[in-house]
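Worksheet: one structure, shown below.
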Amino acid sequence: MKRHSVFAVVREALRQNRGWPKHWESPAPRASYDTVIVGAGGHGLATAYYLGRNHGITDVAVIDKGWLGGGNTGRNTTIIRSNYLQDASAAIYEKSRALYETLSQELNFNLMFSPRGVMMLAQTEHERRGYLRTERANALQGVETRFIDAAEVRRLAPIINIDGPRYPVLGALWQPRGGTARHDAVAWGYARACSDMGMHVIQNCAVTGIRSEAGRVTGIATERGEIACRRLGLVVAGHSGVLAGMAGFRLPVESVALQALVSEPVKPCLDVVIMANTVHGYISQSDKGEMVIGGGADGYNNYTQRGSFHHIEETVRALIETFPMLSRLRMLRQWGGIVDMTGDRSPILSKTPLEGCFVNCGWGTGGFKAIPGSGWAMAELMARGSSPLAEGFSLNRFREGRFIDESVAAGVAH
Amino acid sequence: MLILTCPHCGVAAEETEFAPGGQAHLQRHGPGSSDDAFEAYMFLRDNPRGVHFERWRHAYGCGKWFIAARCTVTLEVFATYPAQCLEPPPEAVAAIRARRPDWQPAGGDAASGKEPA
Ligand SMILES: Cc1cc2nc3c(=O)[nH]c(=O)nc-3n(C[C@H](O)[C@H](O)[C@H](O)COP(=O)(O)OP(=O)(O)OC[C@H]3O[C@@H](n4cnc5c(N)ncnc54)[C@H](O)[C@@H]3O)c2cc1C
Ligand SMILES: [Zn+2]
């Protein structure tokens, strides 16, 4: 693999960028692998990467029905933070955030990780108290966050209308090392590193069936033929129910549409990420100058990757109260992704009733931030049979009443 | 955007007039049931890419609950019927069959392209 460096950039600039090599191979699938990962989104690719990097397992194929990062990984608003309330969440999200800090260097691929700071506005007394509680919890968990007052919010984000008529800003939970990264680059960077370790990253090849014998997984059926494997990881986000159906079990997951939109580009006016959970909207400004806006999820099962117009209206209506300058911006694009929601709004990293088959799903509206940590934990789970980071997130927790309840803590798409 | 027809008052309206209520035809399991049955009732859900049965309430209309049989891929609504029905009535099944000849009434999983193991 040719390494990226400042010298490579200069060299290619001088020869019209004709010398860049392919970032990953596109091989034909083999008849068998030790381990197959279904889904080449961020979580599937990161799982494969850490299987190789941390556990020396490289006889691996990552198979996707579409193109790399064509699922939620390439459709999200890229907020990265780890200020969760519950210990199990804080552990895996903070591991993930910490890995993002040096991931560009490790993968030798610019992920444009930008720890610009994330603030979650408190706009009701209830929310203020909730965030004070999270601040204390984060201090115990070793996650750096701070509750800041309205004056500091105004200093960090001058475009906010602090004394909004309905929802004045009372303060915010501030995570200075939260931020954003470039979503496609995360998928591409991991794919490049996987390919470099000799793994197969196979696109445009839908998995259509799961084969098993005596309760143990033996392989999969795909559009490009049968593939045998000893271990199988299902990492398909919104399509988890469909794949679980093929494997013969059900999941506590429902798939709904979540949308986002971006405005026309404007001059730099917002250099932090802001989430306004009471009014259901969040916003950041991309490096191109577009305001990147997200809101709540639709309330019913849906695979259309579009979403309903009235949700956009709600989100934008709420945001212009807090950011009046937005009212004059034209919106450029809108899109949707199919997110996998669990009852407690926490993910599932788990063994399944089918031996040798593991599942990683349920990241719902907030799994981009978790990609490195989730891949790390999932790889350990698949290689060793257990992982401290994944422990709380097993399928059994529903049956046993050990929820990791972030729905109360966050109460919003994130 | 879904367009639903309330089977109680006959009004056809956009989804904003209704409130979604999750998977329909769940059989309640309470005290005395096995752990498996309770887990399935409480947490496990059909999540088909295709025909799905779902509870809705005519929140800004007559206020009553009903069930919609619809497609999660195309947003086509095949039929709506009162929430008192314990299973899809024959007219609803016929309406689904007319549009999805391969559909199996065994439940959402079968409709999601599950292959015989
Ligand atoms: C609008 C929106 C905004 C969001 N904002 C944020 C945010 O700000 N911060 C944050 O942390 N998270 C956010 N998220 C959530 C985040 O995008 C997801 O949790 C995360 O990207 C999930 O990654 P994944 O790898 O699990 O899934 P995906 O990227 O969806 O990958 C799953 C892959 O599985 C493939 N697949 C499905 N079925 C099959 C099959 N039968 N055979 C083969 N392949 C198959 C799909 O093609 C897909 O590529 C947002 C999501 C959306 C939709
Ligand atoms: Zn009605």
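The values are calculated or read from the model by the stated rules, or taken from the named source; none is laboratory data. Given the structure is predicted, the values throughout are model-derived calculations rather than measurements. All Cβ positions, glycine included, derive from the backbone under ideal geometry; neighbour counts span all protein chains shown. Side chains are part of the model used for accessible areas, which takes the heavy atoms of the whole protein and leaves out ligands, DNA and RNA. Shrake-Rupley method; radii C 1.70, N 1.55, O 1.52, S 1.80 Å.
Annotations
- Residues losing 40 Å² or more accessible surface upon assembly, segment B:16-51, compared with the chain by itself, 1.4 Å: B:Glu39, B:Phe43, B:Leu44, B:Arg45, B:Asn47, B:Arg49
- Amide H contacts of A:Ala122 (H built 1.01 Å from N, under 5 Å, at least 5 apart or other chain): A:Leu170, A:Gly171, A:Ala172, A:Leu173
- Percent RCO, i.e. relative contact order, over segment A:1-143, from Cα pairs under 8 Å lying at least 6 residues apart: 19
- Scalar couplings 3J(HN,Hα) for segment A:360-368, obtained by applying the Karplus form with A = 6.51, B = -1.76, C = 1.60 to θ = phi - 60°, are 9, 7, x, 6, x, 8, x, x, 5 Hz; x denotes Gly and Pro.
- Segment A:246-371 pair-distance distribution - Cα-Cα, 10 Å bins, rounded %: 12, 37, 30, 14, 6, 1
- Extents of segment A:319-414, taken as max minus min of Cα coordinates on every principal axis and listed largest first, are 55, 26, 20 Å.
- Note on A:Arg230 and A:Asp163: the extension gain reaches 18.2 nm, defined as 0.36 nm multiplied by sequence separation minus the Cα-Cα distance.
- Angle between chain A longest axis and helix A:309-322 axis [Cα atoms, degrees, rounded to 10]: 40
- Accessible area per residue was computed with a 1.4 Å probe on protein heavy atoms; B:Lys64 scores about 110 Å².
- Its Cα centre serving as origin, the protein assembly as shown has a Cβ charge dipole (Lys and Arg +1, Asp and Glu -1) of approximately 1120 debye.
- In this label model, A:Phe309 and A:Glu144 are separated by 4.6 nm, measuring between points 7 Å along each Cα→Cβ vector.
- Buried area at the A-B interface (accessible, heavy atoms, 1.4 Å probe, summed, Å²): 2500
- Listed cross-link partners A:Lys2/A:Lys95; A:Lys351/B:Lys64; A:Lys22/A:Lys288; A:Lys2/A:Lys369; A:Lys2/A:Lys351; A:Lys288/A:Lys369 are compared with a 31 Å cut-off, the Cα-Cα value being larger for A:Lys351/B:Lys64; A:Lys2/A:Lys351.
- Computed [θ] at 222 nm, deg cm²/dmol, chain A (DSSP H ≥ 4; -39,500 (n - 2.57); rounded to nearest 500): -9500 deg cm²/dmol
- Rolling a 1.4 angstrom probe over the protein assembly as shown with all protein chains present gives an accessible area of which 52% lies on carbon and sulfur atoms.
- D (Stokes-Einstein, µm²/s), Kirkwood Cα radius, segment A:57-176, 1.306 mPa s at 10 °C: 95
- 5 angstrom amide H check on B:Lys64, placed H, neighbours 5+ away: B:His58
- Cα-based radius of gyration of chain B once divided by 2.2 N^0.38 Å, which approximates compact folds: 1.10
- Value of Rg/Rh across the protein assembly as shown [Cα atoms, Kirkwood radius]: 0.97
- Other-chain or far-sequence residues with amide H under 5 Å of A:Gly233's (modelled H): A:Val36, A:Ile37, A:Val38, A:Phe358
- Label-zone membership for segment B:1-38, site B:Glu91, 7 angstrom Cα→C-beta point, backbone N under 11 Å: B:7-8
- Long-range tail of P(r) for segment A:37-90 (Cα pairs > 13 Å, %): 66
- The C-alpha radius of gyration of segment A:1-63, expressed as a fraction of 2.2 N^0.38 Å, stands at 1.48.
- Segment A:60-76 and segment A:1-45: distance between their alpha carbon centers, rounded to Å: 15
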